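Just below is one structure, and these are the notes that go with it.
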Amino acid sequence: MRPESGTEKVSFAIFALVCVALLFGGLGFFFRTSLQPYQPQNTARAIIEVDRGQGPGAISRQLEAMQIVRNAKIFQYYGKFRGSWAKMKAGEYELSPSMTPAQIFDIFASGVSVARPFLVREGENLYEVADAIAAKGYGSKERFLKLARDPKFIATLALVPPPKTLEGYLFPDTYLLQRKMTQEEILRTMVKRFANAWTANDDQRAKELGMTRDEIITLASVVEKETGAPSERPIIAGVFHNRLKKKMKLQSDPTTIYGIWARYRGNLHKSDLSDPNPYNTYYIAALPAGPISNPGIEAIRATLNPAQHNYLYFVSKNDGTHEFTSTYGDHEKAVAKFQLDAKAREGKSWRDLKRNAASTPDKKAAKSP
């Protein structure tokens, strides 16, 4: 066998170096390409939900299937190399093919999930909010209601002194909730919004009226339910303040409806008005046992600063406003004009229009005292 010449050895070495260079160059190109955005110009958004205990392989394959990353294996190994998998937090994340793997891992580690709007409307009660919570996938209605009445949980919130329940304290607003938020976190967020809205001046004003915070919120929750005309809130608040001073029954339909909420089907009956429950203000000559809804800030301000007048009665004029009177005789005349005359009611009631639009029984309907 002929021994290799020096030239042949040099040629082989060069060939080997070229092969190694090509190999590493190819691998480098492959890795660099894999760690760049899959589609740099594609800013379309996609949402991925990462559950607790979900493995790196499953997440990587899901991202590849969604065309967020180019190669699941490379993404998985890259995350292991930089120690990113241990930093991941469960959540719902919005990603894009224009993001690099490094950016994706940073989002996963941030724990900042997709925020979804959740609206608590003025005048909605605890039952209605609980229904919406369940419908949006934030847990069961039953557990939400249980938490909202749990003294131990309520004692941990930003309310001093703590109320008996959270009815009235789920501040009406649009909240940005994350899919993985617990019901405790949701309630804490809503109550904190109320605590920020209620000021030391409000406490002082309540004392001047001879009322506690809970009594103000209770009355505000009734005011909120009794009118669709914002300008009337201080007037209606004044009516109720006047009746309380005279120890008259408030005779507010919304309070009676709240007391029979579990069996209410859209219409009050005469027997309901004599139901001996602590929310039935046709039965008791006082405020109901607690708030009957979650009042907005305007209803709260109206209750703290009621209009000064001598009105004791009001009746719906079927257009969202009311006729206010000071004597029972004048009230009877207003009832005959606006309520007993079928022509005065037909097709004009703002509550009927709302009910028809929703095609569901309107549990917010109220018959004036």
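Here are some notes:
- Net charge of neighbours whose Cβ lies under 14 Å from the Cβ of residue 183, counting Lys and Arg as +1 and Asp and Glu as -1: +3
- Label-to-label distance, residue 285 versus residue 341, with points set 7 angstrom from Cα along the beta-carbon direction: 3.4 nm.
- Stokes-Einstein translational diffusion, the stretch 115-197 - Kirkwood Rh over all Cα pairs, 0.890 mPa s, 25 °C, in µm²/s: 194
- The length gained on full extension between residue 89 and residue 321, counted as 0.36 nm times the residue separation minus their Cα-Cα distance, comes to 78.3 nm.
- Isotropically averaged projected area of the stretch 194-300, using the convex hull of Cα atoms (one quarter of hull area), nm²: 7.0
- Note that the stretch 121-267 shows a convex hull volume over its alpha carbon atoms of 133 Å³ per residue.
- Only one residue of 98, 190, 133 has its Cα farthest out toward the positive end of the dipole of the stretch 92-204, where Lys and Arg carry +1 and Asp and Glu -1 on Cβ, and that residue is 133.
- In sequence order, calculated HN-Hα J values of the stretch 171-178 (Karplus, 6.51, -1.76, 1.60; Hz; x Gly/Pro): 4, x, 5, 9, 9, 9, 9, 9
- Its relative contact order, with pairs defined as Cα atoms under 8 Å and 6+ residues apart, puts the stretch 42-113 at 41 percent.
- Which of 219, 307, 268, positive extreme of dipole for the stretch 209-358 (C-beta unit charges): 268
- Its Cα centre serving as origin, the stretch 122-221 has a Cβ charge dipole (Lys and Arg +1, Asp and Glu -1) of approximately 460 debye.
- Separation of the stretch 46-72 from the stretch 298-322 is 57 Å, based on Cα centroids.
- Positive contributions from Lys and Arg (+1) and negative ones from Asp and Glu (-1), summed over other residues with Cβ under 14 Å from the Cβ of residue 105, come out at +3.
- Mean-position separation - Cα centroids, the stretch 88-109 and the stretch 185-212, in angstrom: 39
- Overall form of the stretch 42-113 per C-alpha gyration tensor (a/c, 1.5; a/b vs b/c): rounded
- Local electrostatic count, residue 206, Cβ distance below 11 Å [Lys/Arg +1, Asp/Glu -1]: -2
Every read-out reported here was derived from the displayed coordinates using simple, explicitly stated rules and does not represent laboratory data. Because the structure is predicted, anything quoted here is derived from the model rather than measured. FYI the Cβ positions are ideal-geometry reconstructions off the backbone, even for glycines, and counts take in every protein chain you see.
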